[in-house]
Amino acid sequence: MTRIDLLLSDCRAATMVAGGAPYGVIEDAVIAVKDGAILWIGPASEAPEFRPVSAARLDGRWVTPGLIDCHTHLVFGGDRTAEFEARLGGATYEEIALAGGGIRSSVTATRAASEADLIRAARRRLASFIAEGVTTIEIKSGYGLDLETELKMLRAARYLDGDVRVVTSFLGLHAVPKDQDRDAYVAMIIDEALPAAHAAGLVDIVDAYLESIAFTPAEVSRLFDKARSLGLPVRLHADQLSDGGGAALAASYGALSADHLEFTAQAGVEAMARAGTVAVLLPGAFVALAETREPPVAALRAAGVPMAVASDCNPGTSPLLSLRAAMMLACSQFRLTPEEALAGTTRVAAQALGLAARAGTLEAGKAADLAAWDIERPAELSYWLGGDLLHRSWRGGVPVVA
Ligand code: DI6
Ligand code: FE
């Protein structure tokens, strides 16, 4: 009899393995966990005998891969409620940014915060995601915009790794800081800040904000050349407020993902398909900014571009503390199917973070990041806006929500 650490039984598994039954369903499943990974998963009728250290019967509940939020700005100082009120009064996001508010106001607050302050505030926000079954979260820098504060943000993000797996993205090219020469700033980020953050082991992915109010294709290309020379994968905030050719640029670097994509044209979609770049859809920003231009979901689907869904949790454009809410909004606003939305926060989200071999589906050999739910069918995860549906969760087979 095989000795294992954890045995889950009497459950229905939405494995999210592609290509088979919807949701990759296994009815009456057994999941055996050893050394943090799934050792065996399959129908109870075919299960070998296991000798588990601990076991849980789940009374027919659904089990999915732990949810993965592949795009957040969870670490920041302060808040932007005044800007929210100004927008409700008629100001646009671009006007506020060009007047020196927006990202720059979060930069002021983030520089003023201690590392402990940043951790405390981010941990409070993270609790909302953990409570809804998130077991992996990506967190970006980009509200420091100087070497010291970018490193402080990334250390805070790394510190939060524990109940959840944290993946970091270096977002030095997020905005040009106030009163600073643009070219000197870009050079500092590329030649100094990125190499230093990488040397400190703080960078998993390199991100940038390509936008008319942010950085140009030429500037982003220089950053991505540097990332390539350091052996780091890239991703990009692309075509959110205007078509800057961001999707095609990201694809030309073999980016893990291009994110937002509201204004992406057909050529960008096709370039992403060829490059295997994931489209990360961020309906929280779409709703919070009351945007009307939708990302080209039908074209992405037709071209076979995998679609992820993320919260984009940030103080400016997406004050969204729920990945499940993002799933619901992706269905209601962008017409994803509930199955696509769940794939977008499991299998495809893992791909967007370069974690496809380790997470995102329930398969032997993958991490035992699991969520068990009080639902009757998997579509409910994208159907309810809010609500506490989680029964239990595990990271690497260790209970998180018990
Ligand atoms: N992600 C970003 O980085 C920008 N928009 C988005 O969706 C700006 C975020 C901010 O205003 O703080
Ligand atoms: Fe973002």
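The values are calculated or read from the model by the stated rules, or taken from the named source; none is laboratory data. Computed from a prediction, not measured in an experiment: that's the story for all the values here. Cβ: placed from backbone, ideal geometry, glycine included. Neighbour counts: every protein chain shown.
In the set (1) among the aliphatic types (A, V, I, L, M); (2) more than 16 Å from ligand 1 (Cβ to nearest atom); (3) over 24 Å from Phe224 (Cα atoms), the condition left unmet by Leu321 is number (2).
Residues in the stretch 19-35: is at least one under 25 Å from Ile139 (Cβ atoms) and in contact (Cβ under 8 Å) with a residue 40 or more places away in the chain? No, there is no match, as no residue in the stretch 19-35 is under 25 Å from Ile139 (Cβ atoms) and in contact (Cβ under 8 Å) with a residue 40 or more places away in the chain. You will find that of Val234, Val186, Val176, the residue that is at pLDDT 95 or above, assigned by TED's automatic domain parsing to the domain that holds Ala258, under 23 Å from the mean Cα position of the chain (by Cα) and among the β-branched types (Val, Ile, Thr) is Val234 and no other. Criterion applied to Ala288, Ala302, Ala364 was being surrounded by fewer than 24 Cβ atoms within 10 Å (Cβ to Cβ) and not assigned by TED's automatic domain parsing to the domain that holds Gly78, and the one residue passing it is Ala364.
The set of residues in the stretch 90-116 that are of a type in the set (D, E, K, R), touching a residue at least 12 places away in the same chain (Cβ under 8 Å) and either surrounded by 16 or more Cβ atoms within 10 Å (Cβ to Cβ) or under 18 Å from Lys178 (Cα atoms) (or both) comprises Glu94, Arg104, Arg111.
Results for (1) within 16 Å of ligand 1 (Cβ to nearest atom); (2) more than 20 Å from the chain's Cα centre (by Cα); (3) under 18 Å from Arg335 (Cβ atoms), shown as yes or no for each residue.
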site	(1), (2), (3)
Ser229	no, yes, no
Ala255	yes, no, no
Met272	no, no, no
Leu282	yes, no, yes
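Considering each residue of the stretch 111-151, count those that are of a type in the set (S, T, N, Q) and either closer than 26 Å to Ala350 by Cα or within 21 Å of the chain's Cα centre (by Cα) (or both), and give that number.
The qualifying residues number 4.
Applying the condition of being of a type outside the set (Gly, Ala, Ser) and in a loop (DSSP other than H, G, I, E, B) to the stretch 239-249 and asking which residue is nearest to ligand 1 (Cβ to nearest atom) yields Gln240.
If you scan the stretch 366-401, which residues turn out to be in a loop (DSSP other than H, G, I, E, B) and touching a strand residue (DSSP E or B) at 6+ places or on another chain (Cβ under 6 Å)?
Those that are in a loop (DSSP other than H, G, I, E, B) and touching a strand residue (DSSP E or B) at 6+ places or on another chain (Cβ under 6 Å): Lys366, Ala368, Asp369, Asp374, Ile375, Pro378, Leu389, Gly396, Gly397, Val400, Val401.
For the stretch 134-156, the criterion of a residue being of a type outside the set (A, V, I, L, M, F, W, C), within 16 Å of ligand 1 (Cβ to nearest atom), part of a helix (DSSP H, G or I) and surrounded by 17 or more Cβ atoms within 10 Å (Cβ to Cβ) is satisfied by at least one position.
State which residue pairs qualify: first residue touching a residue at least 60 places away in the same chain (Cβ under 8 Å) and inside the stretch 219-237, second residue within 16 Å of ligand 1 (Cβ to nearest atom) and among the polar types (S, T, N, Q) in any location, beta carbons under 9 Å apart, and separation of 6 or more residues or different chains. Filtered contacts from the stretch 219-237: Arg235/Ser169; Arg235/Ser257.
Total residues in the stretch 240-285 satisfying the condition of being surrounded by fewer than 24 Cβ atoms within 10 Å (Cβ to Cβ) and within 14 Å of ligand 2 (Cβ to nearest atom): the figure is 2. With respect to the conditions (1) surrounded by fewer than 20 Cβ atoms within 10 Å (Cβ to Cβ); (2) among the basic types (Lys, Arg); (3) touching a strand residue (DSSP E or B) at 6+ places or on another chain (Cβ under 9 Å), Arg165 falls short on a single one, namely (1).
Could you check, for the stretch 13-27, whether at least one of its residues is in contact with a Phe, Trp or Tyr (Cβ under 6 Å, 6 or more places away or on another chain), farther than 15 Å from Gly397 by Cα and charged (D, E, K, R)? Within the stretch 13-27 (the criterion being in contact with a Phe, Trp or Tyr (Cβ under 6 Å, 6 or more places away or on another chain), farther than 15 Å from Gly397 by Cα and charged (D, E, K, R)), the answer is no, since none of the residues qualifies. Selection of the stretch 187-238 for residues being closer than 13 Å to Gly142 by Cα and assigned to a helix (DSSP H, G or I) yields Ile189, Ala193, Leu194, Ala197.
For the stretch 302-359, a residue qualifies if it is among the charged types (D, E, K, R), more than 15 Å from the chain's Cα centre (by Cα) and assigned to a loop (DSSP other than H, G, I, E, B), and the qualifying residues are Arg335, Arg358. For the residues Ala326, Ala343, Ala359, the requirement of being within 16 Å of ligand 2 (Cβ to nearest atom) and on the phi < 0 side of the Ramachandran plot singles out Ala326.
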